[in-house]
Every structure is written in structure tokens, then in C-alpha cells.
Amino acid sequence: MTHPEIRFDDGAAYEEFMGRWSRLAGDVFLDWLDPACGLRWVDVGCGNGAFTERLVDRCAPAEVQGLDPSDGQIAFARTRLAGGPATFRIGDAMALPYADAAFDAAVMALVIFFVPEPTRGVAEMRRVVRPGGSVSAYAWDILGGGFPFAAVQEEMAALGVTPLWPPSVEAARMDNLRALWSGAGLVRIETREIHVQRTFADFDTFWTVAETGPRMAPRLANMPAADVGHLKSRLRERLPTDAEGRITYGASANAIKGEVPR
């Protein structure tokens with residue numbers, strides 16, 4: 001059976017658009033997980049390695065296996081973490097190429113809503129983690145307005161441009177995350193909300209980052225120039241600036257962790 005893929009093939013563009021947000025949320029997430037050092041990790045949907053880098057820097061893992069469907073993202077991740085304990089390969093979150101109980105911990109960072117069948121993705125994470133090991137994830141609360149560039153999407157929608165959300169966007173809702181983890185037979189399940197902020201030097205900086213996003217750019221390119229100009233005007237009015245012209249913008253994610261039964 002084949003599944004539609006949503007791929008981000010430009011690791012550098014993804015870094016500015018989402019990688020920085022990923023690290024901000026990832027630090028809060030890792031504080032909450034509070035994992036031991038020396039663990040064997042699998043980072044499912046590792047992208048360009050933004051979260052993998054936080055794992056390596058903060059958790060002193062014995063091993064990290066990063067997996068993603070995009071060869072461009074994997075190439076960027078390999079460059080980013082050359083010579084460390086992380087190894088990267090192309091692969092499918094719903095068919096992990098690892099043996100049963102091969103890891104101490106599995107994580108999906110900002111990924112579960114891109115997995116066509118989240119139930120299979122969570123089941124695969126459980127399968128490759130040893131009894132007593134951790135299975136965790138965090139994902140933007142898109143339907144709750146938590147996406148980092150939700151304001152752009154909302155103003156585009158007001159101009160008649162339908163938001164382009166991931167295929168499994170409902171999976172990121174807290175109640176659905178709990179159902180997925182419970183359905184996979186995981187125990188000691190806990191959840192929390194993550195709130196982060198990012199400051200942009202001025203509106204033009206915010207706009208440049210937003211318009212070059214891997215999924216945003218083609219949508220904007222298909223809009224009439226007048227509508228794009230109107231969109232920018234609406235955003236300027238909507239986003240407050242401080243005395244120095246900076247914009248501080250927030251985002252929120254839902255996080256979950258559970259344990260494979262012993």
C-alpha cells in the first residue's frame with residue numbers, strides 16, 4: 001500500500017522557517033522528559049536534525065538513529081552532526097527499519113501530523129523500544145491556533161486561500177494523542193502543553209521567514225500580487241511591535257510520553 005508523502009527537501013530553508021522553533025519547543029520538551037544519559041534513541045521524522053542536535057547536546061546519548069523520508073533533509077542533518085553519535089537514514093515512520101526492542105527511547109518531534117496513519121507510527125515506535133523504555137512526541141497544536149505562523153495562515157484564509165494543513169492534523173490534539181498512546185498499549189502516560197516565543201528583528205524579518213517556508217512559499221506564489229500586498233498589510237496591523245520595532249510571536253504544542261510495559 002502506498003501513502004502520500006509530505007516532504008521538506010530543503011534542509012537550510014526548513015532550518016530558518018521551523019528548525020529554530022523546533023529547538024525552542026524541544027528544550028522545554030527535554031526538560032519535561034528529563035531522560036538519563038547514555039540511552040539509545042531513535043528520532044522518527046528527524047528532518048534536518050534540529051531536535052536530534054538538542055538530544056546530542058543535552059542528553060549525552062550512547063546512540064541516536066535519525067530517520068526521515070527526505071534525502072535533502074537527511075543530507076543536511078548528516079552535515080550538521082558529522083562525527084557524533086547520530087546516524088541518519090531515509091525511511092518510513094510506519095515501517096521502521098529496526099529490530100524489536102532495539103532502543104531505550106523513541107521520539108517524534110513535530111512529526112505525528114505528517115504520518116498518514118498515526119496509529120501505525122506509534123505502534124512502530126513501541127515495537128522498537130525495549131520494555132520500560134520511553135515513547136514520546138510533541139506536535140504543534142494546529143487546530144488550537146498553536147502553529148508558529150498561524151497568523152499568516154488565518155489572514156490567508158480571510159483572503160480566500162484555504163489553509164494547507166498536514167494530512168493527520170487531528171492527531172496533534174491532546175485527546176487524540178492520549179488515545180494513540182493508550183491504543184498502542186503504552187503505560188504511565190503523561191501529557192503537557194508547551195508554550196514558546198520567538199522574537200524577530202522587525203516585520204520584514206518575520207515576513208521573509210514566513211514567505212520562504214517550504215509549504216508557505218508555493219501558496220503565496222499562486223496568490224495575486226495585490227492579495228499578497230493586502231496580506232502583508234493585514235499582518236502588519238495584527239502583529240504588535242515593541243519600541244524597537246521587534247515582533248515577539250508565540251506558538252504552542254501538545255506533548256505526550258509513555259512507557260513500554262515491562
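What the table below lists for this structure:
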| item | result |
| --- | --- |
| Test: residue in region 156-174 that is more than 30 Å from Glu117 (Cβ to Cβ) and of a type in the set (A, V, I, L, M) | yes |
| Every residue from region 206-232 that is of a type in the set (Ser, Thr, Tyr) and free of Cβ contacts under 8 Å to residues at least 24 places away in the same chain | Thr208 |
| Filter pass, Pro4 being at pLDDT 90 or above and in a loop (DSSP other than H, G, I, E, B) | no |
| Filter result (out of contact with any helix residue (DSSP H, G or I) (no Cβ under 8 Å at 6 or more places or on another chain), outside any strand (DSSP E or B) and surrounded by fewer than 14 Cβ atoms within 10 Å (Cβ to Cβ)) within region 161-201 | Thr162, Asp175, Ser182, Ala201 |
| Test result for Ala106, under 30 Å from Asp175 (Cβ atoms) and crowded, with 16+ Cβ neighbours inside 10 Å | yes |
| Criterion: more than 19 Å from Leu186 (Cα to Cα) and either surrounded by fewer than 24 Cβ atoms within 10 Å (Cβ to Cβ) or over 21 Å from the mean Cα position of the chain (by Cα) (or both) - qualifying residue of Ala77, Ala99, Ala150, Ala95 | Ala150 |
| Among (1) under 24 Å from the mean Cα position of the chain (by Cα); (2) more than 30 Å from Val135 (Cα to Cα), the one test that Lys257 misses | (2) |
| Filter result (of a type in the set (Val, Ile, Thr) and within 16 Å of Arg20 (Cβ to Cβ)) within region 193-231 | Ile194, Val196, Thr199, Thr205, Thr208, Val209, Thr212 |
| Residue under evaluation Gly91, criteria (1) farther than 18 Å from Val135 by Cα; (2) modelled with pLDDT under 95, criterion not met | (2) |
| Within region 207-254, considering residues that are under 21 Å from the mean Cα position of the chain (by Cα) and part of a strand (DSSP E or B), the one nearest to Leu177 (Cα to Cα) | Asn254 |
| Close pairs (6 angstrom Cβ cut-off, 6 or more residues apart or separate chains): of a type in the set (Ser, Thr, Tyr) in region 233-248, not in a loop (DSSP other than H, G, I, E, B) anywhere | Thr241/Ile247; Thr248/Gln197; Thr248/Thr199 |
| Strands (runs of 3 or more DSSP E) wholly inside region 39-144 that include at least 2 residues being hydroxyl-bearing (Ser, Thr, Tyr) | 129-140 |
| Hey, Leu186 closer than 30 Å to Gly132 by Cα, in contact (Cβ under 8 Å) with a residue 12 or more places away in the chain and under 17 Å from the mean Cα position of the chain (by Cα) or not | no |
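The values are calculated or read from the model by the stated rules, or taken from the named source; none is laboratory data. Worth saying up front: this structure is predicted, and the values here are computed from it rather than measured. A quick note on method: Cβ atoms are made from the backbone with ideal geometry, for glycine too, and the neighbour counts reach across all protein chains shown.
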